[in-house]
Amino acid sequence: MSKSGPSSTDASRAHAATSRGAFSSSLGVLAATLGSAVGLGNIWKFPSLTGANGGAGFLLIYLLSTLFIGLPLMVAEIAIGRQARANPISALRQLQPRGAPWWLIGVAGMAAAFLIMAFYSEVVAWVFAYVAKALSGNLLSSDPVQTQASFDALVRDPVQALLWQWVVLAFIGGILLLGVTRGIEAATKRLMPLLFLLLVLLGGYSLTLPGAGQALTFLFAPEWHKITPAVVLTAMGLAFFKLSIGMGTMMTYGSYFTAEQNIPATATRVMLADLSVSLLAGMAIFPAVFSFGFQPSAGPSLVFITIPAVFAQMPGGSVLLAAFFLLTAIAATGAMLSLMEVPVVILHERWGLSRPRATLLTLLILGLLGAGCALSQSTLATFQPGGRTLFDWADYLSSNLLLPAGGIAIALFVGWAWGERAFAAQLSNHGQLGNQGLARVVSLLLRWVTPVLILLVMLAGLGVFSGA
């Protein structure tokens with residue numbers, strides 16, 4: 001297979017490649033990349049997993065895992081994207097050794113993006129619906145049984161489930177239609193500061209509650225006996241899934257990076273900012289949870305069932321609840337933009353579609369795939385091939401197979417196939433920065449450490465260690 005990438009005789013592809021957008025500033029790069037990394041996982045999954053796995057000890061393992069799994073892979077994906085200035089499939093075709101099918105990583109990433117968006121768009125739809133419901137005051141009840149009933153009424157109503165999913169897809173599609181600079185960059189530059197502002201305000205309020213001391217101890221004082229092999233594997237898995245890697249999003253955004261951008265420094269800032277969002281979310285949630293006698297290990301129901309019951313007991317609960325779901329919607333928007341951008345740019349550059357047509361085709365495909373997930377708890381509730389709903393299958397296949405396999409393949413590609421010299425050239429901006437030593441360290445991690453750790457995460461997700 002040639003390293004030259006797509007055929008130069010294909011005029012439509014050539015036009016797409018030369019007309020692609022780019023981020024216009026370092027702030028835009030940071031905001032967009034952070035928007036991709038920050039998502040519902042910061043507001044929903046991180047607090048619930050931290051609560052279910054003992055608090056501070058889990059947090060420490062998560063941070064260490066990020067350094068050995070998440071950060072090296074993020075740097076690798078961004079470097080590939082910026083070197084090739086192309087979508088994930090074309091980028092890997094350009095850089096791969098002759099005859100090697102590394103471009104299939106890009107295909108797997110596109111498939112993973114579609115599967116994730118199929119179910120993730122429905123979860124985001126619940127968040128958007130809850131913003132409206134919170135503003136109307138319909139969610140305020142201190143009884144978890146009643147908040148559970150409100151949530152069930154939403155997810156089991158096929159009309160509401162589909163309608164809110166279409167609202168989400170139309171909203172994200174509208175931003176993407178504006179392009180990279182006027183769409184993705186402009187949106188994330190406005191949304192990310194607002195996200196931090198809302199988190200700081202909610203966190204500051206929560207720290208005035210009686211349970212604040214208990215919550216801070218829970219978050220920052222490790223209980224070492226609670227760190228079990230299962231906790232370590234869960235923290236490693238969160239570190240991998242949290243930073244939006246393994247599905248081509250960082251590779252795609254890397255292709256929009258400026259030539260002067262310091263890739264390792266940017267990735268580190270994104271990792272630290274992402275961790276800060278997660279911690280701020282924990283500081284906003286756990287003091288309230290402890291103050292009103294709820295369990296921090298409530299799991300995913302923490303956001304849609306426990307949180308409304310908690311805020312119902314607080315002065316100004318309706319406003320606070322609306323602010324909470326607004327910031328959750330903002331976090332979800334950045335992640336959705338990066339996920340949808342992967343197939344959009346592939347359809348634009350590989351198939352030669354105009355960007356508007358590529359966006360509309362992506363929305364059409366998602367409308368069909370997402371409908372199955374949206375109706376999984378109502379009209380299609382009894383359709384469970386293999387014992388799983390369509391929602392659960394989309395989650396299972398993407399989370400346990402495609403993403404870990406993609407992460408392992410990217411680590412092996414950069415560590416062994418692409419070459420340390422080419423990798424170091426991107427990390428040092430062709431010698432302008434002193435990152436050659438760092439490139440050597442990251443290359444070693446990508447060769448020997450990161451793929452092994454991701455394989456453990458993959459095996460754990462597939463249930464290999466369940467009997468241990």
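The values are calculated or read from the model by the stated rules, or taken from the named source; none is laboratory data. Here the structure is a predicted model, which means the values were calculated and not measured. Because the Cβ atoms are built from the backbone with ideal geometry, glycine has one as well, and the counts that use them run over all protein chains shown. Just the protein is used for accessible areas: all its heavy atoms, side chains included, with ligands, DNA and RNA removed. Shrake-Rupley method; radii C 1.70, N 1.55, O 1.52, S 1.80 Å.
Computed about its Cα centre, the charge dipole of the chain is approximately 1080 debye, with only Lys, Arg, Asp and Glu carrying charge at their Cβ.
Divide by every residue of the chain the summed helix terms, -39500 (n - 2.57) for each DSSP H run of at least 4, and state the resulting mean residue ellipticity at 222 nm, rounded to the nearest 500 deg cm²/dmol. It would help to have the intermediate numbers written out before the result.
Working: 22 runs with 309 residues, N = 468.
That calculation yields -21500 deg cm²/dmol at 222 nm.
A simple count of charges around Ala31, restricted to other residues whose Cβ falls under 15 Å of its Cβ and scoring Lys, Arg +1 and Asp, Glu -1, yields +1. If only the Cβ of Lys and Arg carry +1 and only the Cβ of Asp and Glu carry -1, the dipole of segment 334-468 around its Cα centre is close to 260 debye.
Hey, quick one: spin label on Leu397, modelled 7 Å out along Cα-Cβ, who in segment 103-136 has an amide N within reach, i.e. under 20 Å? Zone members listed by number: 104-124. Label positions at Ile365 and Leu178, each projected 7 Å from the Cα along the C-beta direction, are separated by 2.5 nm.
Contact order for segment 228-370, expressed relative to its length and based on alpha carbon pairs under 8 Å spaced 6+ residues apart, stands at 20 percent.
Computed from Cα positions, the angle between helix 158-177 and the longest principal axis of the chain comes to roughly 40 degrees. The order of the peptides 142-155, 387-400, 53-66 by mean Cβ neighbours within 10 Å, most packed first, is 53-66, 387-400, 142-155. Annotation for Arg357 and Leu201: the two label points, set 7 Å from Cα along the Cα-Cβ direction, are 4.4 nm apart.
The figure for Phe311 is an accessible area of roughly 10 square angstrom, using a 1.4 Å probe on the protein chains alone. Annotation: per residue accessible area for the chain equals 37 Å², rounded to a whole number [probe 1.4 Å, protein chains only].
Just the protein heavy atoms count here, and of the accessible area of the chain at 1.4 Å, carbon and sulfur take up 67 percent. Segment 416-445 and segment 312-363 have Cα centres spaced 33 Å apart. Karplus-based coupling profile of segment 47-58, in residue order and whole Hz: x, 5, 5, 4, x, 7, 10, x, x, 4, x, 4, with θ = phi - 60° in 6.51 cos²θ - 1.76 cosθ + 1.60 and x standing for Gly or Pro. With the simple spin-label model, which puts each label point 7 Å out from Cα in the Cβ direction, the Phe465 to Ala132 separation comes to 4.3 nm. Annotation: extensible slack from Ala417 through Asp143 equals 93.0 nm (criterion: 0.36 nm per residue apart, minus Cα-Cα distance).
Excluding same-chain pairs closer than 8 in sequence, count the lysine pairs in the chain whose Cα atoms lie under 25 Å apart. Could you put the intermediate results ahead of the total?
On the way: Lys45/Lys133; Lys45/Lys189; Lys45/Lys226; Lys45/Lys242; Lys189/Lys242; Lys226/Lys242.
For the chain, the number of qualifying lysine pairs is 6.
Distance from the Cα centroid of segment 70-120 to that of segment 259-273 is 19 Å (rounded to whole angstrom).
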